[in-house]
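Read through the structure below, which is laid out as structure tokens, and then see the notes.
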Amino acid sequence: MKSTTLLSLLQDRCIHSGESLARTLGVSRTAVWKQIRRAQADGVEIKTIRGQGYQLVSVLDLLLVERILAALTPRHQSKIDLVILDDVDSTNAEVARRLKSVPSTLPVVIADSQSAGRGRRGRNWASPRGENLYLSLGLTVHGGFSALDGMSLVLGVAVSRALAALGTTGVGLKWPNDLFSDNRKLGGILVEIQGELQDGEVQVIAGIGINVHMSQVNGVDQPWASLANQWPEIQWSRNEIAAAIVGQVLAIVAEFEEQGFAAFREEWQAQDIFFGQDLMAREGDLLGQGRGIDATGNYQVMTAQGLVAVRAGDISLRVRS
């Protein structure tokens, strides 16, 4: 939304004259009027009060760089190059572009909406404007490709920790990369390797999507949940959520490099929604009961022939109906 700065001025829900808004923004009153109309076209309710000015009616949760940075520790602030975009094809794709142009930075990209958000195996990720959190980080992981075993699971732990710190309870983890609440999808993680192994380091793009305020959406073929409908007593702020997740991810990746996945296995398994469930994988030719993850993050299924470890790859593991 190009009128984000204008909306931040209106967010106090007081009446602001077109003249005062124009003066603060350094633009003409006509430019203010055009931004008002654009915001209204995007679904934001703004009253036009004759002879007085404009008043915001909608409840907004604007994404603001300064608020996210203020909620991070100075150490984490200094590590990242944070940008917030109104629209983007996908935050993962934008991080990939930034890694190529400025490879020495740790880019963090957050978008208000995505036109081509992706989940695992290329699935579409619903990305309505202004309602959810779409966030990607460009991480450098030491230790080579073998160090990436379990990375999406560790990131699931990081996000779960961040949400718990903000007040959630009972968030479950679905192997290998989803967060669930009451058997409904709350969020997801997409990990992509960027470039080639160099000097024992590999660049990873970690994309994280969390449903925050979403109350309805088209084109989603599975049950879903949002933070607002699961925990309505909490006043959810996308800035607070973003800061909590970024802080936890940066902290946990450092632990992961030093200790490996084994240090997080027990915590992940405590939230495993597949454990003990009747499962199906490999287009239906592998059936069995969920037995948790092994030391490298593969999912274990107890079949009639014995324990089978399923790697993430292109395998879809789901509960049998």
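The values are calculated or read from the model by the stated rules, or taken from the named source; none is laboratory data. Every value quoted in this text rests on a predicted model; they were computed, and no experiment measured them. Heads up, the Cβs are rebuilt from the backbone with ideal geometry, glycines too, and the neighbour counts pull from every protein chain shown. Only protein heavy atoms, including side chains, enter the accessible area calculation; ligands, DNA and RNA are left aside. Shrake-Rupley method; radii C 1.70, N 1.55, O 1.52, S 1.80 Å.
Below, the figures for the structure above:
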quantity	calculated
Strands (runs of 3 or more DSSP E) wholly inside segment 167-284 that include at least 1 residues being at pLDDT 95 or above and either under 14 Å from residue 157 (Cβ atoms) or open to solvent by less than 60 Å² (accessible area, probe 1.4 Å) (or both)	172-174, 178-181, 184-198, 201-210
Answer from 42, 61 - the residue that is under 25 Å from residue 212 (Cβ atoms) and surrounded by 18 or more Cβ atoms within 10 Å (Cβ to Cβ)	61
Per-region count, segment 11-30, residues free of Cβ contacts under 8 Å to residues at least 40 places away in the same chain, among the hydrophobic types (A, V, I, L, M, F, W, C) and open to solvent by 50 Å² or more (accessible area, probe 1.4 Å)	1
For residue 37: the one exception among (1) within 29 Å of residue 188 (Cβ to Cβ); (2) exposed (fewer than 14 other Cβ atoms within 10 Å of the Cβ); (3) outside the structural domain of residue 253 (by the TED database)	(1)
Among residues of segment 7-34, those that are under 32 Å from the mean Cα position of the chain (by Cα) and either charged (D, E, K, R) or in the same structural domain as residue 130 (by the TED database) (or both), counted	3
Condition check for residue 136: crowded, with 21+ Cβ neighbours inside 10 Å, under 24 Å from residue 216 (Cα atoms), of a type in the set (Gly, Ala, Ser) and at pLDDT 85 or above	yes
